[in-house]
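Worksheet for the structure shown next.
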Amino acid sequence: MEKSKLNSFVKRAVTAIIFAPLIVYVLYLGAPFVNLFFFMCGAAMAWEWANMVPNKKPVLYAVIYAYAAAVFSIFGILYLPLSAGVLLILAGLMFWKARGEEHCALLMLGLLYIAIGFGSLVAVYEIAGKFMLLWYVLVVWGVDIGGYLVGSTLKGPKLAPAISPNKTWSGLIGGMALSALVSVVYTEVVHFDYSGVMAVVAAVVALVAQIGDLIESKIKRFLGIKDSSNLIPGHGGVFDRVDGLLFAAPFFLSAMLIFFFML
C-alpha cells in the first residue's frame, strides 16, 4: 500500500478507535445523553454547512440548522405532525432568507441532511434500542473500512471517476461484503434473530451509505473544498465522518419499520 494511502487508512482507523468507545459509552448511558450527543454532532455540522457553502448570512443559517438539530435530536421523526410542521417552517424560513443566494439549493439541502439524517438515527434508537443503533453504526463503518482496504489492494475499474477517482467497484463489493460479515458476527454476539436477513440488509445499507459518500464528494468537488471543516484535526469535519451514516439512516429506518410491520 502506498504511503499516502496508508496514512489515509491510519486516519480512518484512528477515527474509528476514538469514536467507537465514545459511541458505545453514550449508548450505554442512554437517554438523554444519546439525544445530547446527536445534538452536539448536529450543531457542529450546522456550523460546518453554514460556512462550507458560500453565502451572505452564515450565522443565520447556522442558527436555523442548529435549531433543526435540537428539535430532531430530541423528537426524531416519529412524531410526524410535530416533525413535519417544524421542518416545513424551517424550510420556508430557510428558502425565504436564502432565495437570493447563489447556492440556495445547497443551503436547503443542509437542512434536510441535519433534520432527516439525525432525526432518523434518533428514531432508530427510540424504536429498536441501543443495540440496533450500534449495529447500524458498525455496518456503515464496515463499508468504509472494507471498501478502502479491498479497493486499495485490488484496484480495478473506477466506481465514479468524475466524482471520487479513488473509489473502485472492487472497493464497493468488498465494503458490502465486510458490512454483511460485521452484521453476522454482531447478531451472533448479541443474539439477534433473523441473522441472514440482517446480513442482506447490511449489504444494502452499505450500498446506500456509499452513495451518500459519493454525494458528499460531489458537493465538495462542486464547492472546490477538500474537507467540510477542520473540526477534527487531521480528519476533516463532522460531515466528512458521518456522510454515509446520515444518508442511509432514513432508508434503514424505513426498512426496519416495514420489517416490523410485516412480523
Looking across region 212-234 at residues that are under 14 Å from Pro165 (Cα atoms) and among the hydrophobic types (A, V, I, L, M, F, W, C), the single one that is surrounded by the most Cβ atoms within 10 Å (Cβ to Cβ) is Leu214
Here is a check on your reading of the model: is Val238 in contact with a Cys (Cβ under 9 Å, 6 or more places away or on another chain) and either buried (at least 18 other Cβ atoms within 10 Å of the Cβ) or in contact (Cβ under 8 Å) with a residue 60 or more places away in the chain (or both)?
yes
Looking only at region 42-76, count how many residues are farther than 17 Å from Leu109 by Cα and within 16 Å of the chain's Cα centre (by Cα).
2
All positions within region 238-263 that are at pLDDT below 80 and either touching a His at 6+ places or on another chain (Cβ under 9 Å) or in a loop (DSSP other than H, G, I, E, B) (or both)
Leu263
Quick check on region 172-194: of everything there that is of a type in the set (Ser, Thr, Tyr) and under 15 Å from Leu138 (Cα atoms), which residue is surrounded by the most Cβ atoms within 10 Å (Cβ to Cβ)?
Ser179
Specify the residue that is farthest from Ala249 (Cα to Cα); the eligible residues are those in region 92-102 that are crowded, with 17+ Cβ neighbours inside 10 Å and not basic (Lys, Arg).
Glu101
Condition (residue is surrounded by 18 or more Cβ atoms within 10 Å (Cβ to Cβ), in contact (Cβ under 8 Å) with a residue 40 or more places away in the chain, in contact with a helix residue (DSSP H, G or I) (Cβ under 6 Å, 6 or more places away or on another chain) and assigned to a helix (DSSP H, G or I)) applied to region 156-163: is it met by at least one residue?
no
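The values are calculated or read from the model by the stated rules, or taken from the named source; none is laboratory data. All values derive from a computational prediction rather than experimental measurement. So basically every Cβ, Gly included, is an ideal-geometry build from the backbone, and we count neighbours across all protein chains shown.
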